[in-house]
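For reference, the structure is listed below as structure tokens.
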Amino acid sequence: MEPTPLSQSGPDDADLFSVHGRTAVVTGGSRGIGAMIARGLARDGAQVVIASRKADQCRAAAEAINASGVRGHCTATPADLSSPEGCQRLAAWLAEHHHSVDILVNNAGTTWGAPLEAFPTAGWTKVLGTNLIAPFDLTVGILPLLRRAGRADRPARVINIGSVDGINAPPVGELLLQRRQGRAAHADQTPCQTAGGGAHHRERDRPGALPD
Ligand SMILES: NC(=O)c1ccc[n+]([C@@H]2O[C@H](COP(=O)([O-])OP(=O)(O)OC[C@H]3O[C@@H](n4cnc5c(N)ncnc54)[C@H](OP(=O)(O)O)[C@@H]3O)[C@@H](O)[C@H]2O)c1
């Protein structure tokens with residue numbers, strides 16, 4: 001039997017990745033990976049809320065997404081998720097403005113690199129607060145909204161963005177908590193070398209070829 005050409009495989013192909021009518025929250029959606037996720041979800045029809053600290057950049061990111069011809073829509077709301085209070089405020093805002101949340105992407109993340117002996121407690125607290133505690137607090141904080149969205153055949157989703165640096169232990173005597181990737185991060189070489197040093201870190205944390 002002749003295989004069915006891909007173009008005739010079904011009327012729903014165009015909607016394969018549709019999230020039309022769903023509400024998605026992307027923390028740290030103002031730039032980087034979060035902005036890419038937010039744009040993708042809005043492109044495929046979702047009502048997306050992005051949250052990050054710098055209000056102007058957050059709003060500009062939402063406007064850029066909306067101006068790019070997406071099927072859905074993006075809204076910005078400023079939030080500092082490094083503290084439980086910040087997470088509670090965002091949860092309260094979401095409860096006030098949205099009936100339910102289908103997709104929560106805990107993407108906001110921060111980093112702090114320093115030799116172990118010089119690593120400040122404030123830096124450790126900031127990184128843990130944003131990267132580890134906030135995803136828990138925010139998920140629990142909007143549980144009623146997630147439960148309202150969830151159905152037996154289509155549960156609400158919580159997507160936590162992590163880093164391989166959480167799996168692979170850094171070299172002894174150094175702490176390096178996440179680096180950015182890509183060309184834009186080229187300028188990060190100085191703090192990266194200060195923190196970890198050597199080609200190993202640069203190659204591991206920045207997939208893709210970077211010019212010397
Ligand atoms: N890029 C990589 O190579 C890589 C690798 C592995 C994992 N990841 C993970 O991917 C996620 C995103 O990384 P990225 O490289 O795209 O980061 P990024 O470009 O630095 O963007 C971080 C985003 O989080 C927001 N943010 C930071 N602190 C926040 C806070 N306290 N409250 C609310 N929002 C905050 C930032 O906006 P404001 O500064 O305005 O708050 C920004 O929107 C992180 O969780 C990271 O661990 C990245």
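On the given criteria, is residue 143 modelled with pLDDT under 95 and over 22 Å from residue 35 (Cα atoms)? Don't jump to the end; show me each part of the working.
Values: modelled with pLDDT under 95: no; over 22 Å from residue 35 (Cα atoms): yes.
Spelling it out, it is not the case that residue 143 is modelled with pLDDT under 95 and over 22 Å from residue 35 (Cα atoms).
Out of 91, 95, 122, 118, report the one residue that is closer than 24 Å to residue 32 by Cα and either of a type in the set (A, V, I, L, M, F, W, C) or within 13 Å of the ligand (Cβ to nearest atom) (or both). Spell out the reasoning first.
On the way: 95 fails: closer than 24 Å to residue 32 by Cα; 122 fails: closer than 24 Å to residue 32 by Cα; 118 fails: closer than 24 Å to residue 32 by Cα.
Criteria check complete, one pass: 91.
For residues that are surrounded by fewer than 15 Cβ atoms within 10 Å (Cβ to Cβ) and small (Gly, Ala, Ser), tally how many sit in region 116-159.
3
Hey, any hits in region 87-97 for a residue that's touching a strand residue (DSSP E or B) at 6+ places or on another chain (Cβ under 7 Å) and of a type in the set (Phe, Trp, Tyr)?
Keep residues of region 87-97 that are touching a strand residue (DSSP E or B) at 6+ places or on another chain (Cβ under 7 Å), which gives 90, 93-94.
Then keep just the ones that are of a type in the set (Phe, Trp, Tyr); that gives 93.
Within region 87-97, one or more residues are touching a strand residue (DSSP E or B) at 6+ places or on another chain (Cβ under 7 Å) and of a type in the set (Phe, Trp, Tyr).
If we only count strands (runs of 3 or more DSSP E) wholly inside region 60-115, which ones have 2 or more residues that are β-branched (Val, Ile, Thr) and within 14 Å of residue 48 (Cα to Cα)? Show your work before the answer.
Numbers: elements: 73-78, 103-106, 113-115.
Per the criteria, 73-78, 103-106.
For region 26-64: of the residues being within 18 Å of residue 96 (Cβ to Cβ) and away from the ligand (no atom under 12 Å from the Cβ), which is surrounded by the fewest Cβ atoms within 10 Å (Cβ to Cβ)?
Here the residue is 47.
Go through 113, 72 for me and flag whichever is modelled with pLDDT under 95 and of a type outside the set (Ser, Thr, Tyr). Even if it seems obvious, please write down each step before you answer.
Numbers: 72 fails: modelled with pLDDT under 95.
That would be 113, the only listed residue that is modelled with pLDDT under 95 and of a type outside the set (Ser, Thr, Tyr).
Out of curiosity, is residue 150 at pLDDT 95 or above, within 30 Å of residue 88 (Cβ to Cβ) and away from the ligand (no atom under 16 Å from the Cβ)?
For residue 150, the condition - at pLDDT 95 or above, within 30 Å of residue 88 (Cβ to Cβ) and away from the ligand (no atom under 16 Å from the Cβ) - is met.
The values are calculated or read from the model by the stated rules, or taken from the named source; none is laboratory data. Fair warning: this is a prediction, and the values are worked out from it, not measured in the lab. So basically every Cβ, Gly included, is an ideal-geometry build from the backbone, and we count neighbours across all protein chains shown.
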